[in-house]
Amino acid sequence: MNPLIIFFFFIIGLMRVIQKVCSKKVSNQIEGPAYLHYGGYYQLIAAALSLIALLYYGFSGFNATMVLCSIGMAAFITLGLFTEMQALKGASLILVQMFAAGSIVLSALFGHFFLDGQEMNVYQWLGLVVFLISIYFMVSQDKSKAEDEQAQPKKKISLKTLIMLILMFIAEGGMMIVQTIFGTLVEDGNTALFSFVMFAINALILYICYLVQALFIHKPVRKVEKKLKFLPKTLLICGAFLAFALAVINILATELTAMVPAALLFSISNAIAIIVTMLVGGIVYKEKVGVKNIIGIVLCAVSLTVVGAFM
């Protein structure tokens, strides 16, 4: 494999660490419409960082296709943020993670049927199935683990929650597909410009949603205006680091779509995200890694080896 590809994946892994630590840090400090305010804030910072990257890439490649890809990516990100928040109200974190990671199937199907040179053979499909199985083990807990204070009680999944999970599945897969389209089909695609327009549009969408909720559902105008000017220090710091991580991940992942088939790229990206989550939880937050988690990691490594070997 090209050393540059390995380097890009390594950097993505480091950025995933920052992403998970920041997300964990703010998970219990923000709720309700504030999610939209915080999301708009770090998306705006990510747009500013992407604009800085344009000084290196240059301002070339601005065209209708790039704008459409950016709008599509922003729409899927906004849909993913909203549906994930709603799904977590009625489903366990494990189930939500499985739906998000499993959306790689949409990207693999798109690459197989619509992109030249990315058709998957039977061995790669088998590897993809093993990867999906590994997701279950990587996000599962052993029965021997005692339920802690954060464990969610088991309850029947409602129709609304199921719809939110399906929409989140589509949104996550849509993001992968848009990145693949931009990286493989847009000639001379400027990833920094793509990221800037996408993050800027997404920040605008999130702040519009936040204002609508705040003005017409929750708070009077004066309180909204005050709230828009200030975020707690922790959220400001975490949001800035998260924005940096997301900007780097998006640029590198988009670059990789032109170097690596979609099935392999997003298999590795999802694997990195899940494994990093486990490592951060175990090392930083002292969460135990069980036997099922280790089995999942092994199955994940096997599946990626199979997919990569038969490229």
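No value in this document is a laboratory result; all are computed from the given coordinates. Only a predicted model underlies this, so the values are computations on that prediction, with no experimental measurement involved. Neighbour counts are summed over all protein chains in view; Cβ atoms, including those assigned to glycine, are modelled from backbone coordinates with ideal geometry.
In terms of packing, defined here as the mean over residues of other Cβ atoms within 10 angstrom, the peptides 243-255, 179-191 line up highest first as 243-255, 179-191. Once the Cα-Cα distance is subtracted from the 0.36 nm per residue extended length, the residue 7 to residue 166 segment shows a gain of 53.9 nm.
For the stretch 252-260, putting each phi into the Karplus relation 6.51 cos²θ - 1.76 cosθ + 1.60 with θ = phi - 60° gives couplings of 5, 5, 5, 4, 5, 4, 8, 10, 10 Hz, in residue order, rounded to whole numbers and with x for Gly and Pro. Full extension of the chain between residue 295 and residue 159 yields a length gain of 45.8 nm, computed as 0.36 nm times the residue separation minus the alpha carbon distance. With the simple model of a label 7 Å out from the Cα in the direction of the Cβ, residue 113 to residue 234 spans 4.6 nm.
How much length, in nm to one decimal, is gained on full extension between residue 62 and residue 258, taken as 0.36 nm per residue of separation minus their Cα-Cα distance?
Working: separation 196, 0.36 × 196 = 70.56 nm, distance 1.84 nm.
My answer for the length gained is 68.7 nm.
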